[in-house]
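The values are calculated or read from the model by the stated rules, or taken from the named source; none is laboratory data. Since we're looking at a predicted model, the values are computed, not measured. Note: ideal-geometry Cβ built from the backbone for every residue, glycine included; neighbour counts use all protein chains shown. Side chains included, ligands, DNA and RNA excluded: accessible areas come from the protein's heavy atoms. Shrake-Rupley method; radii C 1.70, N 1.55, O 1.52, S 1.80 Å.
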Amino acid sequence: MGFDAFGLPAEQYAIQTGQHPAVTTAKNIETYKRQLRNIGFSYDWSREVQTCDPNYYKWTQWIFMQLFNAWYNNASDKTEPISTLISELEKNGNSCVNGACDEDTPKITAAQWQAFNEKERETFLQHYRIAYQRNAMVNWCPALGTVLSNDEVKDGVSERGGYPVERINMLQWSMRISAYAERLLAGLDTIDWPEPLKEMQRNWIGKSKGAQLSFKVQNSGLNIEVFTTRIDTIFGATFLVLAPEHELVQSITTTEHRNEVTRYVEVAKNRSERERMSEVKQVSGVFTGAYAINPFNNERIPIWISDYVLAGYGTGAVMAVPGHDERDHRFAKHFGLPIKQVVEGPDVQEKAFDSWDARIINSDFMNGLTVQEAIEAGIKFIEEHRIGKGKINYRMRDAIFGRQRYWGEPFPVYFEDGIPKLVDEKDLPVTLPEIDEYKPTATGEPPLARAKNWKYKGRSFELTTMPGWAGSSWYWYRYMDPTNHKEFCAKEHEQYWQDVDLYIGGSEHATGHLLYSRFWCKALKDLGFVRAEEPFKKLINQGHIQGMSKFVYRITGTNKFVSKNLKDNYETTALHVDISLVDGDTLDLEGFKQWRTDFSKAEFILEDGKYICGTEVEKMSKSKHNVVNPDQIIDTYGADTLRMYEMFLGPLEQSKPWNTHGIDGVFKFLRRFWNLFHNASGTFNISNDEPTREELKVLHKTIKKVERDIESFSFNTSVSEFMICANELSALKCNKRKILEPLVIALSPFAPHIAEELWEKLGHTKTVFDATFPAYDEQYLAESSFNYPISINGKVRAQMNFALDMPREDIEKTVLASEIVKKWTEGKQPKKVIVVPGKIVNVVI
């Protein structure tokens, strides 16, 4: 077991309470460990890790150093030490270096490289390093003083606190995950993961085969680079669209349109990319006043700006073909732009038509070609005219790896004359310094700028910290070798354990932790530190236990909250509120004010003197403040009831709403199972008599079902089988050791506490968990009789039980002699009696 303990929530709590995050984190970890032990989870606590422990994050820092000193060589298709690149630059420059660098990386000769000073060399190497610095558009929250991931932003405000978030350009540490795009895609075919999760990663990586070409901006020397997967439709391009952040927006915008463009860019930059991608039906944009020239037909087409184009995908510019792209079509209809048809099919004036099977029309030399043929012809045209080339593009961008906050891993980096340099390995870990406050400084610097005399060799440390996913991108290696002070994981331990056999986790990690873990694993393998190409061989997505979330509604731009049924009269933002502060749907106003310091002066607009909260069933999560404390369930019902009820709720992979109304059934089952071992007065009472065949059948049927269910992770049906077993044995009044003792062992993984107690009562001195899991015997599962349906002229009128080896003649005689059959035959002689052994008896009158 480990605790991923760095991050924003702990830091915000420290700000609110004035306590050091290490103190509150340690308290929370102890609470978790107490609860885990109370529930009866079986972990090897000698291998416990905590990502905020300096003995752990020393190695997170060490891995960062390896990635800083590495680059991805496309020629060898692997990560290599940066020294191999420097050696190549010394000899040949980068003319033959097929590295994972930006396409606009300047080509240099060996002489130029040798003439570079230290700062120029480092600036150049930043185009290649796996861990590097770059300017990037980020979600900046001034109130929290940090960069937020897209997942931490909702409706333009921070998910935590509801503070305004804006998009700004900032120098950030980044990880060059994009260099591994093809390997990350290919690796998905080698691992046993749920297909929907694999598809999420494929879509996130977003591989596209297409072409990149240049459109000249009219009356200027500027070119706009466009990536398209459908160059076959280029004769239907009637306008270009740039992302609001595109570097040429200001250069090409005419004076007449400048104010309108500036206003639009300002609004668009504060919307997250996730919002912009999800709002597919919302149309907005602005004309720049500039025109581009379509290189295929030399037609002049207008250049627009719209936030449906993202700066980070492709080139940040698209050629719009409204006749054959739905989003372009909506844009063209909204702004009255021309729509041309260049693919055979229905009329496109009212609705876009897209097909990969049709032929091209109205397209000069492409006319009559299939889509695929036209794509090949289009790429040939741009390459012959040197205005572009065929290209594979990926949607996935490099991951931002810095946060402007305190509670995270410090970077093992200091600066000398503006050049980032690594500390000596012997000086790891670089530990977090003490500071007086966990907020950014008055000048906007990260909290670490508050540290006094925090220097390395007299030089300033990097002031940002690593993101929450840093420590979770390699933790499984530390489980293999948790106390090693010399290596992050010794080779003999890594070779013994290799990789994770089974990972159970939520699908919400698909494009975060699970992707970053695969990335780091591949890099560490290339550099010779580990052997496995993939970290997690098999993965199961457990469904969420869903909780009942409660919401308050804050009027935008204020600290005033309006009751649910009045909120439609205002512009509001819904915020989660802790369910402990809500009775039914009514909010405890004073408790709410005391809950968080930023709500201490909250005002309320009430209905009938009450504040009514909103309700929604969603994932049970700390961030949603809807967690049910297991301590309460254990105090009332016991840990075994909690364990079995959670399994009984439904299949492992399905999300299930938490509802304690059904918990009583599991509680009663455990009492019934206990009663099998005790008489009516509660005295332990076990018989050593030999079991009957019927009792053995119940036992072995249960063992077989439970064993198979465990192997297939069908725990809910195992619980059902135990319930059936207890009922059947109760009906048989069975208290025989040879039946009940194996059942205790089979039940022990599900209900360890009651199993251990009964095991001791059965006379054992060692734990039940040292016992061998019972094996079922097929001979006891064979049916000796069958309950035959008795049909009269094809209609079932009765049921009769016969031994399976009973002769047909005897079955026929018994059936005809029965009173039920006599009633339905009315004394008539049957024409025929059909006996199908083990299936049915049909009497034909």
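What the table shows:
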| read-out | value |
| --- | --- |
| Pairwise centroid distance, computed over Cα atoms, of the range 709-727 with the range 775-845, Å | 33 |
| Full-extension gain in nm, LYS822 to ASP664, via 0.36 nm per residue minus C-alpha separation | 52.1 nm |
| Prolate/oblate/rounded call for the range 284-392, Cα gyration tensor, a/c under 1.5 rounded | oblate |
| Sites ILE361 and SER251, calculated FRET efficiency, Cβ-Cβ separation with R0 35 Å, nearest 0.05 | 0.45 |
| Label zone at ASP77 (point 7 Å along Cα-to-Cβ), backbone N below 20 Å, the range 488-520 | 518-520 |
| In Hz, Karplus ³J(HN,Hα) per residue of the range 732-745 (6.51, -1.76, 1.60; θ = phi - 60°; x = Gly, Pro) | 7, 6, 8, 10, 8, 4, 5, 9, 6, 4, x, 5, 4, 5 |
| Length gained when the stretch GLU616-ALA143 is fully extended (0.36 nm per residue, less Cα-Cα span) | 167.5 nm |
| Nearest-10 value in Å² for the accessible area of ASP417, using the 1.4 Å probe | 110 |
| Amide H contacts of PHE401 (H built 1.01 Å from N, under 5 Å, at least 5 apart or other chain) | TRP173, SER174, MET175 |
| For PHE41, residues with placed amide H under 5 Å, excluding near neighbours | none |
| Packing rank of 507-513, 809-815, where each peptide gets the mean count of other beta carbons within 10 Å, highest leading | 507-513, 809-815 |
| Mean separation of Cα contacts under 8 Å (6+ apart) over length of the range 1-137, as relative contact order % | 21 |
| Global form of the range 127-255, assessed from the alpha-carbon gyration tensor, a/c cut-off 1.5 | oblate |
| Cβ-derived FRET efficiency at R0 51 Å, LYS560 paired with TRP204, nearest 0.05 | 0.85 |
| Other-chain or far-sequence residues with amide H under 5 Å of TYR503's (modelled H) | LYS538, LEU539, ILE540 |
| Å² of accessible area per residue within the chain, as computed with a 1.4 Å probe and no ligands counted | 48 |
| Accessible surface of the range 752-845, 1.4 Å probe, proportion on carbon and sulfur as whole % | 51 |
| Rounded, prolate or oblate (a/c below 1.5 giving rounded, otherwise prolate when a/b exceeds b/c) for the range 1-104 by Cα gyration tensor | prolate |
| For the range 368-383, 3J(HN,Hα) per residue [Karplus equation, 6.51 cos²θ - 1.76 cosθ + 1.60, θ = phi - 60°, Hz, x = Gly/Pro] | x, 7, 6, 4, 5, 5, 5, 4, 4, 5, x, 5, 4, 4, 6, 6 |
| Derived scalar couplings ³J(HN,Hα) [the range 609-617; Karplus, 6.51 cos²θ - 1.76 cosθ + 1.60; whole Hz; x for Gly, Pro] | x, 10, 9, 9, 8, x, 9, 7, 8 |
| Sum of side-chain charges, PRO338 neighbourhood, beta-carbon under 13 Å (Lys, Arg +1; Asp, Glu -1) | +1 |
| Subset of LYS154/LYS619; LYS58/LYS426; LYS58/LYS455; LYS27/LYS439; LYS567/LYS610; LYS91/LYS391 violating a 20 Å alpha-carbon distance limit | LYS27/LYS439; LYS91/LYS391 |
| Between helix 663-675 and the chain: long-axis angle, C-alpha atoms, 0 to 90°, nearest 10 | 40 |
| Acute angle (nearest 10 degrees) that the helix 513-526 long axis makes with the longest principal axis of the chain, alpha-carbon atoms | 70 |
| About the Cα centre, charge dipole magnitude for the range 568-724 (Lys/Arg +1, Asp/Glu -1 at Cβ), debye | 720 |
| Sum of -39500 (n - 2.57) over DSSP H runs of 4+, divided by residues of the chain (222 nm, nearest 500) | -9500 deg cm²/dmol |
| Net lengthening on full extension, LYS766/ASP583 (0.36 nm per residue, minus Cα-Cα) | 61.1 nm |
| Span from the the range 501-538 Cα centroid across to the the range 320-344 one, whole angstrom | 42 |
| Read-out P(r) over Cα pairs in 10 Å bins from 0, in percent, derived from the coordinates shown; its label in (i) 2, 9, 15, 19, 18, 14, 10, 7, 4, 1, 0, 0; (ii) 2, 12, 20, 22, 20, 14, 7, 2, 0, 0; (iii) 2, 11, 18, 21, 18, 12, 8, 6, 3, 1, 0 | (i) |
| Environment charge of LYS697, counting only residues whose C-beta is closer than 15 Å and scoring Lys/Arg +1, Asp/Glu -1 | -2 |
| Length-normalised contact order for the chain - Cα pairs under 8 Å, 6+ apart - percent | 10 |
